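Just below is one structure, and these are the notes that go with it.
The values are calculated or read from the model by the stated rules, or taken from the named source; none is laboratory data. Remember, it's a predicted structure, so these values are computed and weren't measured experimentally. Positions of Cβ are generated from backbone atoms using ideal geometry, with glycine treated the same way; all protein chains shown enter the neighbour counts. Areas reflect the complete protein model, heavy atoms only, side chains present, ligands, DNA and RNA absent. Shrake-Rupley method; radii C 1.70, N 1.55, O 1.52, S 1.80 Å.
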Amino acid sequence: MLKRVHFQPSVLPYLLVAPQILVTLVFFLWPAGQALYQSVLIEDAWTGNSEFVWFENFQLLFEDTEYLSVFYRTGYFAGAVALTAMFFSLILAGFADRIVKGSTIYRTLLIWPYAIAPVLAGALFVFMFDPTLGILAYGLKLIGIDWNHKLDGDQAMLLVVIAAAWKQIPYNFLFFLAAMQSIPKSVIEAASIDGAGPIKRFWTIIFPLISPTTFFLLVINVVYAFFDTFGIIHALTDGGPANSTTVLVFKVFKDGFVGLDLGGSAAQSVILMSLVIALTVVQFRFVERKVEY
Amino acid sequence: MASIQINNLRKTYDGGVQAVKGVSIDIKDGEFIVLVGPSGCGKSTLLRMVAGLETITDGELFIGDRLVNTIEPADRDIAMVFQNYALYPHMTVYNNLAYGLKNRGFAKAEIGKRVRKAAEILEIGEYLERKPRQLSGGQRQRVAMGRAIVRDPAAFLFDEPLSNLDAKLRVQMRLEIRKLQKELGTTSLYVTHDQLEAMTLADRLVVLSGGEVEQIGSPIDVYEKPASTFVATFIGSPAMNLLPLSKDDNNWKLDNSAVVDVKLSTDLAELTLGVRPEDLVIEELSEKFDTGLHTALKVTAVEPVGAESYVHGTIGEGSVDIVVRAPGKLHFEPGQILKVTAKPDKLHTFDMLTGKRIELQGTLEIA
């Protein structure tokens, strides 16, 4: 006989989870539902009259070559941000893992950029890279590079990638460092007795052993680049020049709030939402379950 | 293969803590040296200094004829077996064994040959394609050993390699390590806090305490002639009984209380008398010795451990605890008074203040 402990029904558990549920309802499920509803309507921006059109908004989007190019651009942007941010944070964490003295100061300094709001980060880069005033633009000019991200789309893209990656490096750094420090010291020592120098140890022992973290960060960074870079792009380039830095989130904003195409914008949000869901599934399926080695 | 010479090695940490305070050991080629001592005695630090994992504050370290003080671990031609095995978890057993050889640029065929030979010696041939987590503790231990022997280094360093194994495996692996070391003839330095392991493995024991050498010698020498009360109580289980004696006028007193009639040819006013539990004989069970130590023991507890029993009790006015190790299963009631004796040549004398061994002239007799 299986005996179970029974508790008196009580309202306490419901009360305890209520705030979380309320927040989710008000700030996620409701807007998400609204977006879903909007995405099947075409609304007149002047009169507010709307017409139910089934999936015409989606159909229009996928027929629009501009939208598809934004899709590719976003993929390129996300890939570039994730790889740049992860590459540099991996190297920095590798250094931090090796130093003994002053590691707290080094770590604290590296974590600071994470505390800066995206728009402020964008503003910093605007000043530094301003074609006429910026100190870095001036420096680049000295070494013969004519920097003007307000005219050159590739330079604009490079700029937003650098700014977005810079903002994400501290986060990655923390995770990489924690992962590296959880590797037993004796394993590293065994490798050094086995004749592996620091760089070889890094690539043959440390890097394979932190692969679960690397994969987790890849997903997180892609999600970040997709959805959390709006502020940086808005402050830096405003999607320009000539839409060269307009990524999916930015287009949602532009079409909806500037272009007042609420239906089309909502349809784009729904597509983005399904991307988030897909990435979350990937994360749960492959990351939460420990990567085997 | 090579000798190892440790000359007055010191380790001082940044905070000023002295972990090793000038240790000198001459290790002959092919010798099996065991460093033994309680936690914090500096034995692991010393081993790690030999390995190159800790910097040397002062002193000289030679492996073979080469001064290796500032040489990287990889270039010292040593192999180390770690307490937690330190296997590479993402590599197969084969790659774990091959890693050190690959790093040193051995040819593939040579690596294969060496790995298979090591695997054969250690009987892990059938696990070569497995990952460490698919192995039992004993098998992992063998892989760790294998990683050391494929390299055919000048010396093996062992850092408490058996302490993660269960008691039965520990005994088995102990014998195997000993056998393997004799076969290979590789100079070995082995760290343990287990005195039984130390006794059974060592050609010579180095007993360390507080970062200093207490005694170096063969296990039997160390057991039979401990150089200090520390060694006397550390080596041997149960520990040697120590009886504090002091001279007041012409009477020897035990622990400043009970007067005992002792004839000792010494000028010292105080000394510590040591006697091993197995050297004490219960008169009721055996013959009585004419000379040596005779005393009355008040039983406090009896611990039967199978083939023998440990009889715990107090002597003097109840202030000194001693243990008697007697064969068979014994039954005594707590409070019972027993007469125990020991032969005079089984008694050890130590300076009470310094704890160092003193050899007394003439016979020692306590009545």
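Mind checking B:73-79 for the average number of partner chain beta-carbons within 10 Å of each residue's beta-carbon?
Whole-number average of other-chain Cβ neighbours for B:73-79 is 3.
Mind pulling the per residue volume of the convex hull built on the Cα atoms of the protein assembly as shown? Å³ is fine. Can you show the working numbers first?
Details: hull volume 199.1 nm³, N = 660.
Once divided by residue count, the hull of the protein assembly as shown is 302 Å³.
Just reorder A:52, A:230, A:125, A:27 by solvent-accessible area, largest first, 1.4 Å probe, all chains present.
Result of the area sort, largest leading: A:27, A:52, A:230, A:125.
For residue B:57 paired with residue B:336, estimate the spin-label separation in nm (one decimal), with each label point 7 Å from Cα along the Cα-to-Cβ line.
5.4
Please give me, ordered by residue number, the trypsin sites (Lys or Arg not before Pro) of the range A:99-187 that lie in loop per DSSP and have at most 11 other Cβ atoms within 10 Å.
On the way: sites: A:101, A:107, A:141, A:150, A:167, A:185; in loops: A:101, A:150.
Taking the range A:99-187 and a limit of 11 other Cβ atoms within 10 Å, the loop trypsin sites (Lys or Arg not before Pro) found are A:101.
Calculate the FRET efficiency for residue A:49 and residue A:24 from the Cβ-Cβ distance with a Förster distance of 22 Å, rounded to the nearest 0.05.
0.10
State the answer as a single residue: which of A:262, A:135, A:196 lies farthest towards the positive end of the charge dipole of the range A:64-286, with beta carbon charges of +1 for Lys and Arg and -1 for Asp and Glu, about the Cα centre.
Going by the charge dipole, the pick is A:196.
Too long at a 20 Å Cα-Cα cut-off: which of A:150/A:254; B:21/B:43; B:247/B:356?
none
Please give the net charge around residue A:230, taking every other residue with its beta carbon less than 15 angstrom from that of residue A:230, where Lys and Arg add +1 and Asp and Glu add -1.
Result for the local shell: +1.
Would you please give the FRET efficiency between residue B:286 and residue B:179, computed as 1/(1 + (r/R0)^6) with r the Cβ-Cβ distance and R0 = 56 Å, to the nearest 0.05?
Working from the Cβ atoms, E equals 0.90.
What do you get for trypsin sites (Lys or Arg not before Pro) in the range B:90-140 restricted to DSSP loop and a cutoff of at most 16 other Cβ within 10 Å of the site's Cβ?
Qualifying residues, ordered by number: B:104, B:130.
What does the buried accessible surface come to for B and A, summed over both chains, with the probe at 1.4 Å? Round to 100 Å².
Using a 1.4 Å probe, the pair buries roughly 1800 Å².
Starting from the Kirkwood radius over alpha-carbon pairs of the range B:137-276, derive D by Stokes-Einstein at 4 °C in a medium of 1.567 mPa s and give it in µm² s⁻¹.
73
Between residue A:128 and residue A:106, what FRET efficiency follows from the Cβ-Cβ distance if R0 is 35 Å, with the result rounded to 0.05?
0.90
Can you spot the lysines whose alpha carbon is less than 18 Å from residue B:168's alpha carbon? Ignore those fewer than 8 places along the same chain.
Straight-line reach from residue B:168, under 18 Å: B:179.
Count, for each residue of B:90-103, the Cβ atoms from other chains sitting within 10 Å of its Cβ, then give me the mean as a whole number.
Per residue, the number of nearby Cβ atoms from other chains is 3 on average.
Any idea what angle helix B:93-103 forms with the longest principal axis of chain B, computed on alpha-carbon atoms, 0 to 90 degrees, nearest 10?
Roughly 70 degrees, rounded to the nearest 10.
Taking one equal scatterer on every alpha-carbon of chain A, how large is log10 of I(q)/I(0) by Debye at q = 0.08, 0.11, 0.16 1/Å?
At q = 0.08, 0.11, 0.16 Å⁻¹ the computed log10 ratios are -0.50, -0.86, -1.29.
Tell me, how many Å apart are the Cα centres for the range B:182-210 and for the range B:123-174?
The range B:182-210 and the range B:123-174 have Cα centres spaced 17 Å from each other.
Å³ per residue of the Cα convex hull, for chain B?
Taking only Cα atoms, chain B has a hull volume of 170 Å³ per residue.
Rank B:249, B:321, A:152, A:238 by accessible area, highest first, at a 1.4 Å probe radius?
My answer, sorted largest first, is B:249, B:321, A:238, A:152.
For chain B, with a Gaussian network of springs between Cα atoms less than 10 Å apart, report the residue from B:80, B:91, B:49 with the top mean-square fluctuation.
Of B:80, B:91, B:49, the most mobile in the Gaussian network model is B:91.
By per-residue mean of other Cβ atoms within 10 Å, what is the highest-first order of B:13-22, B:152-161, A:17-26?
Highest to lowest by the protection proxy: B:152-161, B:13-22, A:17-26.
For the pairs B:11/B:182; B:298/B:343; B:113/B:182; B:225/B:298; B:298/B:329, note any where the Cα-Cα span goes beyond 26 Å.
Pairs exceeding 26 Å: B:11/B:182; B:225/B:298.
Counting alpha carbon pairs within less than 8 Å and at least 6 residues apart, what relative contact order, in whole percent, applies to chain B?
16
Taking only protein heavy atoms and a 1.4 Å probe, what accessible area per residue, in Å², does the range A:64-286 have with all protein chains in place? Present the calculation step by step, with values, prior to reporting the outcome.
On the way: 10620 Å² over 223 residues.
Result: 48 Å² of accessible area for each residue.
What is the sum of charges, Lys and Arg at +1 and Asp and Glu at -1, for the other residues whose Cβ falls under 9 Å from the Cβ of residue B:151?
0
Taking the alpha-carbon centroid of each part, what is the distance from the range A:100-158 to the range B:32-70 in angstrom?
50
Tell me the carbon and sulfur percent of the accessible area for chain B, rounded to whole percent, probe radius 1.4 Å.
Within chain B, the accessible surface is 48 percent carbon and sulfur.
Tell me which trypsin sites (Lys or Arg not before Pro) from the range A:1-83 have a DSSP coil assignment and no more than 13 other beta carbons within 10 Å of their own.
A:3, A:4
For chain A, what's the relative contact order in percent, using C-alpha pairs closer than 8 Å and at least 6 residues apart?
28
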